[in-house]
Each structure stands twice: as C-alpha cells, then as structure tokens.
Amino acid sequence: MDNDIKEKLYNLDWESILPKLYAYAYAYCNYPGMQASTSPEDLVNEAVLRVLSGKRKWDPHSDPDILIFMKFSVIKSMTNQAWNSVKKRKECYNKITEKESENTAQRKMDEHDREELYKGYMDEIEDRLKDNDDLLLLFYATQEGNYSNIDLAKALGKDVKDVCNMKKRMGRKIADLKKIMEK
C-alpha cells in the first residue's frame, strides 16, 4: 500500500466514521436469512482491517469519500458474500435432499444429518480456500453463477487471465469434494 494512502487512512476521523459504519452494518446483519453469527461490530471491524491492511485497496482519487467506499464497496461486498453463502447452502441442501430420495440408505438420514453433511462439505471447501481471500471471494461469486470472467476481474481488481488461473486453482483445491458430493 502506498505510504500516502496509508497516512490518509490513519489520519481519518475514525471516531465519527465507525458509528456510521456500525449503523449501516446493523441493517445488513439483521436482514432475514443472514447468519446469526455475523454481528455489525465484527463486520465493520473486519472491513476496516481489510482496508487498513491493504487487502481492500482504497483509491482516494476515484473514491474520495471513505465512508461511501466502506459502505458500498467493502461492507456490502462482505454481506453479499455471506448472503450468497446462505443461499447456496440452501440450494445445495435441496440437491442433497433430492438425491436422498433416490437412494434408500440416504432416505434414512434424518434432516439434521443432511444439514450436518452439507455443512461439512461447505466448511471443508471454505477451509481449503480460507488462506486466500481472493479464491474464497471467487468461490462465492461463482456459486452465484451469474459472473463472467470480466465481471469477476473487475470485482477482484485482477486481470481476466488471473481470474481464469484462479478458477483453475480453486477447482483443483475442491475437485475431490465435488466427486464426493455427486455420489
């Protein structure tokens, strides 16, 4: 991160910015279907940490208002990831339920076991990708199914070629889990 941007970030009036971010995050954390484990404080703290560490790059020339950047670029992106994750879990749960009706042994599984099985798969995928924020974000975006390589490149601040390579890396990391889920 550029030292000039770093200095600007550290010199901002965070005491007035943080309460506004908490209020904004509160609305998203209480949206129906969001995971109860996501608190507004955790969301804002993670967003600020990402900006201060340089994981989410702030360009004061293109986004002069840090509050707008934090709300609509960082926090909204993070909540969309969580929302899409919940949505995809429900879809995958439904797919698992359909496959169980075809297999008598699986039909005997109770609902709790199916949820645990699916949660285990998703947790394993997230664990395999957690060391790379870009791959994890790419995973959530591709699960949504409506992102082109160009859209992904813009969202991640990468070249299209880099996004294609990231997709290949992600596919290799979760390939064996995909085979297990298809059985």
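The values are calculated or read from the model by the stated rules, or taken from the named source; none is laboratory data. As the structure is a prediction and not an experimental result, all values here were calculated from the model. In this analysis, Cβ positions are derived from the backbone assuming ideal geometry, glycine residues included, and neighbour counts consider all displayed protein chains. For accessibility, only protein heavy atoms count, side chains too; no ligands or nucleic acids. Shrake-Rupley method; radii C 1.70, N 1.55, O 1.52, S 1.80 Å.
Cβ-Cβ contacts under 9 Å between residues 6 or more apart (or on different chains), taken from a first residue in the range 1-13 that is within 9 Å of P60 (Cβ to Cβ) to a second residue that is among the basic types (K, R), are listed as I5/K57.
Note on the range 37-57: residues that are touching a helix residue (DSSP H, G or I) at 6+ places or on another chain (Cβ under 7 Å), open to solvent by 40 Å² or more (accessible area, probe 1.4 Å) and more than 13 Å from K76 (Cα to Cα) amount to 4. Being under 21 Å from L137 (Cα atoms), at pLDDT 85 or above, open to solvent by less than 30 Å² (accessible area, probe 1.4 Å) and not aliphatic (A, V, I, L, M) is a condition met by no residue of the range 27-34.
Among the residues of the range 72-84, is any aromatic (F, W, Y), open to solvent by 40 Å² or more (accessible area, probe 1.4 Å), in contact with a Ser or Thr (Cβ under 9 Å, 6 or more places away or on another chain) and at pLDDT below 85?
So the first thing to find is which residues in the range 72-84 are aromatic (F, W, Y), and the list is 72, 83.
Narrowing the set further to residues that are open to solvent by 40 Å² or more (accessible area, probe 1.4 Å) leaves 72, 83.
From the residues that got through so far, the ones that are in contact with a Ser or Thr (Cβ under 9 Å, 6 or more places away or on another chain) too are none.
No, the conditions are met nowhere in the range 72-84.
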